Amino acid sequence: MSHFSGSQNPQNMKYKLGEFVRFVNERREGYITRIIDESTIAVTDDDGFEIPVLANQVTYVHGKSEVSDDLKSENLSDQNAAQFDSKGIFLALSPDKRSPSVVHFQLINSSSWQLLFTLNSQKKNQFKGEYAGVLKSHSAIQVYSGSLNELDLWPEFHIQMLLYSQGNEEMQNPIGFSEKFKAKDFSGAKKQHKLIEQAAWMIQLDSQEPIIDPEKLKESFFRPAAAIIEIEKPAKEIDLHIEKLRDDYQFLSSSEILDIQINYFRKSLDAAIVHKLPSLIFIHGSGNGILRNEIYKIISKHTQVKTFMDAHKEKFGYGATEVFIKV
């Protein structure tokens, strides 16, 4: 089995997406949700905050990682099976059992074919190899992990597969699948599969038109598989100043602070949409305008946002924005 990633190198080669790690110099732990560069990874903690950190400042926690290079196999080969299964190749996206905002990509091969596959990501015109390997018949393997909190920053994914059998089966055309995931793709009902241990959003790759069944946002978006959690109704005014969000803000870098503020903004906006609030005021302050500009980028493209404007200038000046939601 070979695991190729253009972002991994000797400094962080020992870490993989989805592994559970603990910070060396502070009491914090979480799952790796991004490989940022040659020496930096991003870790998402239990609160859903993604924190950039040097790879040499975390340590692997044995026994808690969701990642494994071993195939889950039922020891059913196409030579020994009584019947050749020609269909049954899926991409499963399963929420992490401990951090539901983290999603693991798993390839499932419940057919009798052996698969030679590659997974590549694309941002603009930049391509990156994420994973390559062989997937035996009646087995599954995890190939990628990502944070739903950063869904709009996800790349486009490309999967290519060759199907092989030692039997007398007719040769099949290669399978190609490309997708730029959106929020609605994670709002449908999750399904169980015997080759993985939990329910997942399922996409059949060997059907003519791979489809995710979208439903309403509030049904399952950002919810763990084991239970349905009530989404709390947000207040009319949301203060995004970091001292209101974190007690340890003095120890955070400017990039960490911005990530925390944006994540809290997204969650509050999602909650307002679920509860069908007509509008919501976000207090971001004037400052250097970075947080305000990031918020403007998000809401200007958001399909559920009707419009937005400066909120109560006499009270906030230019330090707050009121977002009007489509209801």
With a Förster radius of 22 Å, plug the Cβ-Cβ distance of Q250 and D45 into 1/(1 + (r/R0)^6) and report the FRET value to the nearest 0.05.
0.80
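Using a/c under 1.5 as the rounded threshold, could you call segment 94-166 rounded, prolate or oblate? The axes a ≥ b ≥ c are square roots of the C-alpha gyration tensor eigenvalues, and prolate needs a/b larger than b/c, oblate otherwise.
oblate
Just want the ordering: S139, S86, from fewest to most Cβ atoms lying within 10 Å of their own Cβ.
S86, S139
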Would you work out which of I238, G319, H275 lies farthest towards the positive end of the dipole of segment 237-325? Charges go on Cβ: Lys and Arg +1, Asp and Glu -1.
H275
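Note down the magnitude of the dipole of segment 237-325 about its Cα centre, charges +1 on Lys and Arg C-beta and -1 on Asp and Glu C-beta and zero elsewhere, to the nearest 20 debye. Intermediate values should be presented prior to the final figure.
Working: 11 positive and 12 negative charges, 86 e Å.
Using Cβ point charges on Lys, Arg, Asp and Glu, segment 237-325 gives about 420 debye.
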Can you pick out the pairs among K267/K297; K128/K306; K182/K276; K190/K306; K123/K236; K182/K315 whose Cα atoms lie more than 26 Å from each other?
K128/K306; K190/K306; K123/K236; K182/K315
Distance in nm between pseudo-label sites at E232 and E314 (7 Å out along the Cβ direction from Cα)
3.2
Given 20 °C and 1.002 mPa s, compute D for segment 237-325 with the Stokes-Einstein relation, Rh being the Kirkwood radius over Cα pairs; round to the nearest whole µm²/s.
161
Could you check the simple spin-label distance between K87 and D152, using points 7 Å along Cα→Cβ, in nm with one decimal?
3.8
Given an 8 Å cut-off on Cα distances and at least 6 residues of separation, report the relative contact order of segment 225-326 as a percent.
28
For H241 and T59, extending 7 Å from Cα along the Cα-Cβ vector and measuring point to point gives, in nm, a value of 3.8
Take the alpha carbon atoms of segment 87-117, find their center, do the same for segment 247-271, and report the distance between the two centers in whole angstrom.
31
For the residues W201, W113, W154, what sequence is obtained by ranking on other C-beta atoms within 10 Å, fewest first?
W154, W201, W113
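Coordinate-derived values only; no laboratory data. None of the values given here were measured: they were computed from a predicted structure. Positions of Cβ are backbone-derived with ideal geometry, glycine not excepted, and every protein chain shown enters the neighbour counts.
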